[in-house]
Amino acid sequence: MTYNQLLNRCLALLEEEGPQAALELLQSQKGQLQNFNDAQLYNFAYCLEALAGRTDRAMGLLQEAVYHKGYWYDYEYLMEDEDLEELRQHTAFEQIANLCRQRQQAAQAAAKPQMQLQDVQAGKPVVMVLHGDQQNAQITAPYWQQVKQLGYGLAAIQSTELQVSDGYLWDDEEQAAKQIAAHWQSLQEQGVDVQNSILGGFSSGARACLYAVLSKAVQPKGLILVAPWLPELEEWAEQLEALKQAGTAVYICCGDADEDCFEGSERLFELLDEAGIEVDFKLCPDLDHDYPENFDQLLGEAIGFVKGE
């Protein structure tokens, strides 16, 4: 079970069977995970304990995460989330929340754009990839390793917007576009073949990728959008012509069980197809908000599509 699969399944179990079933799954699987955000797993655990009515155990986990692990959580989230209502009655909660606010402010002030490079060489194109919400470059890069077998370097970039320890966002699309453009320029200066390079992302990272092209910050050969989160799609519809002007082909993949992103993915495909933009849509049956299990294969299809093969 992947990190994304575990979080999705825990949320489903919480709704279907209650917090205890979700907590048991979390506890049984977390030791087998690779490439995950431990702070977020603690968050799930103390929320589930609180929802199960075990406030003392929930506070113990929160204290362990903050005092012993050094993690922090968004202050507004701590003070407003309904799951934590009972914890906010605890005498130690305010001190924890204030410490988290201090750590959050310090972490945000120190955050800088990052790009992790693998097999990047002069004269060779790259696939630049963006993480989803509350994720990071380290979690994201393993999903895209197959591109290195397909003649591309891999560049995993990381936002400067923080929401939790080691968990980043792309909420500010203008800022994201500027950061993508700066990394793109850096790669070009290293001699990378950016004209044939591809931009890809998961969830909110896919949204940031699309906006970067629509705003003309970059002109990649192709976009690979995995479970794209597109709340402003209709507002952006008139800008989609920028994809044709850039000569950017678009490959979309999304699961039909993804309640947040499937409808938007279908609509994006329709709009692009109507506009005469090269687009392909891979429907993944029964897939929730996650990468498909055969993503290596789909990457081959996506890159072949972008190259016109």
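The values are calculated or read from the model by the stated rules, or taken from the named source; none is laboratory data. Not measured: the values here are computed from a predicted model. All Cβ positions, glycine included, derive from the backbone under ideal geometry; neighbour counts span all protein chains shown. With ligands, DNA and RNA removed, areas are computed over all heavy atoms of the protein, side chains included. Shrake-Rupley method; radii C 1.70, N 1.55, O 1.52, S 1.80 Å.
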Flagged pairs (Cβ under 7 angstrom, 6 or more apart or on separate chains; first in the range 81-103, among the charged types (D, E, K, R); second part of a loop (DSSP other than H, G, I, E, B)) are R103/W72
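Could you look through the range 149-158, keep only residues that are out of contact with any helix residue (DSSP H, G or I) (no Cβ under 6 Å at 6 or more places or on another chain) and buried (at least 23 other Cβ atoms within 10 Å of the Cβ), and pick out the one that is nearest to R207 (Cα to Cα)? Walk me through it before giving the result.
Of all residues in the range 149-158, those out of contact with any helix residue (DSSP H, G or I) (no Cβ under 6 Å at 6 or more places or on another chain) come to 149, 151-153, 155.
The next check asks that each one be buried (at least 23 other Cβ atoms within 10 Å of the Cβ); those that pass are 152, 155.
Working: Y152: 22, A155: 18 Å.
Across the range 149-158, the extreme among qualifying residues is A155.
Return yes or no: is D74 within 24 Å of E17 (Cβ to Cβ) and of a type in the set (D, E)?
On the way: within 24 Å of E17 (Cβ to Cβ): no; of a type in the set (D, E): yes.
Answer is no for this residue.
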Going through (1) surrounded by fewer than 23 Cβ atoms within 10 Å (Cβ to Cβ); (2) assigned to a helix (DSSP H, G or I); (3) basic (K, R) one by one, K282 fails only at (2)
Given (1) more than 17 Å from V129 (Cβ to Cβ); (2) crowded, with 21+ Cβ neighbours inside 10 Å, W229 misses just (1)
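Each row is one residue, and each column tells you yes or no for (1) of a type in the set (A, V, I, L, M); (2) in a helix (DSSP H, G or I); (3) farther than 25 Å from K216 by Cβ.
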position	(1), (2), (3)
M128	yes, no, no
A141	yes, yes, yes
Q146	no, yes, yes
Q149	no, yes, yes
A155	yes, no, no
Q163	no, no, yes
Y168	no, no, no
A176	yes, yes, no
Output for Cβ contacts, cut-off 9 Å, separation at least six or different chains, first residue at pLDDT 95 or above in the range 120-131, second acidic (D, E), reads A122/D193; G123/D193; K124/D193; P125/D193; V126/D119; V126/D193
Of (1) over 27 Å from P142 (Cβ atoms); (2) of a type in the set (A, V, I, L, M, F, W, C); (3) in contact (Cβ under 8 Å) with a residue 60 or more places away in the chain, L272 satisfies every one except (3)
For the range 293-305 the number of residues that are open to solvent by less than 10 Å² (accessible area, probe 1.4 Å) and either modelled with pLDDT under 95 or in contact with a Lys or Arg (Cβ under 9 Å, 6 or more places away or on another chain) (or both) is 2
Listed by first then second residue, the pairs whose first member lies in the range 159-179 and is within 15 Å of L210 (Cβ to Cβ) and open to solvent by less than 10 Å² (accessible area, probe 1.4 Å), whose partner is in a loop (DSSP other than H, G, I, E, B) and β-branched (V, I, T), with beta carbons under 9 Å and at least 6 positions apart or on separate chains, are A177/V218
M1 vs (1) at pLDDT 95 or above; (2) open to solvent by 60 Å² or more (accessible area, probe 1.4 Å); (3) under 27 Å from G255 (Cα atoms): all pass except (1)
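For the range 32-71, which residues satisfy the criterion of being charged (D, E, K, R) and either crowded, with 20+ Cβ neighbours inside 10 Å or under 27 Å from W144 (Cβ atoms) (or both)? Before the answer, list the steps.
Pass one, the range 32-71, residues charged (D, E, K, R): 38, 49, 54, 56-57, 64, 69.
Scanning the range 32-71 gives D38, E49.
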Restricting attention to the range 185-205, the residues that are under 19 Å from Q114 (Cβ atoms) and either crowded, with 24+ Cβ neighbours inside 10 Å or in contact with a Lys or Arg (Cβ under 7 Å, 6 or more places away or on another chain) (or both) number exactly 9
